1. Step by step: first the residues of the stretch B:227-243, then only those that are free of Cβ contacts under 8 Å to residues at least 40 places away in the same chain and open to solvent by less than 50 Å² (accessible area, probe 1.4 Å), then the one that is nearest to the chain's Cα centre (by Cα). Which residue is that?
2. Out of A:SER318, A:SER345, A:SER322, report the one residue that is open to solvent by less than 50 Å² (accessible area, probe 1.4 Å), without any contact (Cβ under 8 Å) to a residue 40 or more places away in the chain, assigned to a helix (DSSP H, G or I) and within 14 Å of chain B (Cβ to nearest Cβ).
3. Quick check on A:LEU306: is it more than 12 Å from every other protein chain (Cβ to nearest Cβ) and in contact (Cβ under 8 Å) with a residue 60 or more places away in the chain?
4. What number of residues within the stretch B:372-387 satisfy the criterion of being surrounded by 16 or more Cβ atoms within 10 Å (Cβ to Cβ) and either touching a Leu at 6+ places or on another chain (Cβ under 8 Å) or not in a loop (DSSP other than H, G, I, E, B) (or both)?
5. If you check B:ASP186, B:ASP195, B:ASP175, which single one turns out to be more than 14 Å from every other protein chain (Cβ to nearest Cβ), touching a Ser or Thr at 6+ places or on another chain (Cβ under 6 Å) and of a type in the set (D, E, K, R)?
6. Take A:ALA290 and decide whether it is touching a residue at least 24 places away in the same chain (Cβ under 8 Å), surrounded by 24 or more Cβ atoms within 10 Å (Cβ to Cβ) and away from chain B (no Cβ under 14 Å).
7. Please give the number of the condition B:LYS178 fails out of (1) touching a helix residue (DSSP H, G or I) at 6+ places or on another chain (Cβ under 6 Å); (2) open to solvent by 60 Å² or more (accessible area, probe 1.4 Å); (3) among the charged types (D, E, K, R).
8. Starting from residues that are under 30 Å from A:TYR374 (Cβ atoms) and open to solvent by 30 Å² or more (accessible area, probe 1.4 Å), keep the ones in the stretch B:286-343 and report whichever is farthest from the other protein chains (Cβ to nearest Cβ).
Amino acid sequence: MSALDTAAAVRAGERSAVDILDEHLARIARRDGEIHAFNLVTEGLARSQAESVDAAVAEGRDPGPLAGVPVAVKDNTCTRGIPTTCSSRILEGWLPPYDATVIERLGSAGAIIIGKTNLDEFAMGSSTENSAFGPSRNPHDVTKVPGGSSGGSAAAVAAGFAPLAIGSDTGGSVRQPASLCGVVGVKPTYGVVSRYGLVAFASSLDQIGPFATSIADAAVLLEVIGGHDPRDSTSIPEPAPSLLDVLGRGVDGMRVGVITELAGGPGGVEGIAPDVVARTRQAVAALEAAGARVSEISVPSAILGLSAYYLIAPAEASSNLSRYDGVRYGLRVDAPTTGEMNIASRSAGFGDEVKRRIMLGTYALSAGYYDAFYGKALKVRTLIMRDFAAAYEQVDVLVSPTSPTTAFGFGDKTADPMAMYVNDVCTIPSNLSGHPAISIPFGVGDDGMPIGVQILGPAQSEPTIFTVATVLEDVAAKGGAQ
Amino acid sequence: MSWSIEPTLPEGWELVVGLEVHVELSTATKLFCGCANRFGSEPNTNICPVCLGLPGSLPVINGTAVKYAMQLGRALLCDVKPAVMARKNYFYPDMPKDYQTTQYEQPTNSDGEVVLPDGFTVGIERAHIEEDTGKSTHIGGGGRINEAIYSLVDYNRAGVPLIEIVSRPCLDTIDHAKAYVSGLRDILLAIGVSDARMEEGSMRVDANVSVRPVGSDELRTRCELKNINSIRSMARAIEYEARRQIDLYTSGERPRQETRHWDEAAGRSTPGRSKENLDDYRFFQEPDLVPLVPTAEEIAAIDAAMPALPAARRAALVEASSADADVVATLVERGQDALALAAIGRGADADKVVTRLRHDLAVDDFSKVSAESFAALIVMETSGDLTATQAKQVLAELVDSGGDPRSIAAERGFEAMHDDELADLVDRLIADNPDEWQRFVGGHEGDRKKMQGFFIGQIMRATKGQADGRAVADLLAQRGRSPANGSPGT
């Protein structure tokens, strides 16, 4: 049952929020031991929220657009009085004294926070293998990764543990796991969703986004969590985009571009699997059949995004993660002096990938290296923004694969960080440019695992990319992605 | 002004001082959150997720702090430009995020100046916005962090808005350094953006000191002096440091670039961190905040609301009174320049106005003395309606209770003693005392003085003290010089 149908049934008094919660808790109990989508199932909180929703309905009050809908929340989103671990040992024992803005907005909309989902430590990774608490597994094939870093949220939705989930996307961390788990994932325009209460990885790239099983469900979730928040200075001072009303507009006459470099074209990225390219091309053909005007668009700098990202994101992370020093909260490993205590706590509390990125970022910002690394990466970022702006002069939306491959096996890429980083090549440009993108399931690969197609658009074009995604969703539902 | 005497450095050496002055802005709330910006609260009571740097928290800049910073920038004659917040990364337990949010390459204010009372101009490199840290108290181990048994941290101060005012290395004497800090404080108080109390730490001075041979324009290795908590302490610390460096140079050594900790009680500084390995703060643009872009309208509004600043006030009073720079500086410091200008504007004699203010109005509260009454009093004195003694007495009463100087004079029986009246009295006295008069006119210097005292005493007795002793002396001298000095009269 979709989130929208669930909310409608609860608001109409046809279903009780508590019953819906119990159904989902039962599914979690049956299967999460295997999937490990959750770091924590927040049954107590969820039950009290569900009871409030039912009470509101009984009293004739409207509990909101997500009445009684369980939502799984990535465990880097602060929840008052509930552990928020970022899947890291460094935050051991820390209870946030406040709720993230998205948590407040979900609560006001009648949603039920069902649990905190697993992630790559501090959202650094593409498989959840970097979680300090063990990886999550792909519900379609538990020998495969669910993607990452929001792998727990993607797996929770794919496994039916919750109709909706919240993730965060810094370089593809919502879209890539959505693609690997066969669900919808959205990276909104930077500033559409408040970052207040999202534990920062790379502040200029981080954006919270929805997971859902349908475009309409993702739309309602984004409408609930989006909109201006005065507590986030980078929040766009506008209400959330209105999406549900425009989903059925169709693509007749719309200009759709295929990013040549990411879709098997000449001079493009190596390593994008043929089955993934084929599904992407099939999606583009379906849009053309639906009336869109399709063209090939070259965005040469898109390929450079990966290198720029792996300097900018670690640089910001090296600063954002300084505060985990053992002084005020989280893990403290005692040592004779304060400085030694800082080092001991951080050495014990952070995993290898986090340490790797802190070191990369520290180096990139160091005197004498700044210009060659961080400074140059910022220039590439500007170049990417310029190239995408030029592309959006020619087309309304762009299409590419979301992930170069379908879900891979555990350990396949952990030995080689570069092989893991390449997973993000298609998703990173939107983070660097701040533009929105959506990944929607579109058929399966040669291995039978889900493939996601990515629709990208210029800033605040969520209504447009959701419309395009809806057309592809219809095509796939009618068997057009086989 | 009561500057101490400039200590003399050994022959052939001169000072080069640049000051970094941190000023806490007196906003109601902190720089990035709504917590109270208050000194003296119970530890860790004015804190929230933002100023504690808790995971997921985000800063929102305090508009009033930005406005105050721009006001200060305009008062320091700086360029006020679009600014970018930056992160300065280093680990310290009282800094919650382990980075300080500050301004680096694009500060709000740059390229200003402060003109000192003697006309010396101090260049201001920048005056940027940043957040304060918390406050650590290290228990045991001599109060130093790495020897302490444990440390207590109070985060009430974390996130308090600061302006760091960086002067160019252009201060050439200790007196100029003192006058500069004092002048900055006057400006801060005049525009009302800080209470600028060094003893409470709302104004903190670090001094970068080097020396060089007189006549050279090189900038030699400098040391940064910290823990200076008063202007006097700064003067001592700079002098100590200059002598220490000169001693090193004259004995063939050279100073190391380092931070030194001033010990006021011991009267000396001790080395802190060596700056040979310069800290790498890995500055980069703060991604959680957007650039601060002042509009032309905002700057125009700030300029329009700008009160008269000390340098301009001094210039105005010099213009109106021709008094000496140090006297004018004193009056401006006491806030009596407006009274002086108003009295002069009402026709009171400028010299007399400045003299009375300088010597007879050195009081904290002169609010009851209106410009009108003060001007009237000075006019009465210069026209001879009041003697100097009487004028001082009337002024004292004006300070205590205000009122009209004419009625006060009348109540006290200070009747008008006109010049011709006094002259008659003097002439009569001379006629009545011919022997004494001869001794005054023809006697030796000692006799003359004695007799002047006699005549003045007699006049004072006759007038019950209302006569002006100086006027009597002038009359006596005048009569003594006249051709027929053997007898009074014309």
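1. It comes out as B:SER230.
2. Result: A:SER322 is the single residue among A:SER318, A:SER345, A:SER322 that is open to solvent by less than 50 Å² (accessible area, probe 1.4 Å), without any contact (Cβ under 8 Å) to a residue 40 or more places away in the chain, assigned to a helix (DSSP H, G or I) and within 14 Å of chain B (Cβ to nearest Cβ).
3. Criteria met by A:LEU306.
4. So the count comes out to 11.
5. So the residue among B:ASP186, B:ASP195, B:ASP175 that is more than 14 Å from every other protein chain (Cβ to nearest Cβ), touching a Ser or Thr at 6+ places or on another chain (Cβ under 6 Å) and of a type in the set (D, E, K, R) is B:ASP195.
6. no
7. (2)
8. That would be B:VAL293.
The values are calculated or read from the model by the stated rules, or taken from the named source; none is laboratory data. Please read all numbers here as calculations on a predicted model, not as lab measurements. We place every Cβ from the backbone using ideal geometry, glycine too, and count neighbours over all the protein chains shown. Calculation scope for accessible area: heavy atoms of the full protein, side chains included, ligands and nucleic acids excluded. Shrake-Rupley method; radii C 1.70, N 1.55, O 1.52, S 1.80 Å.
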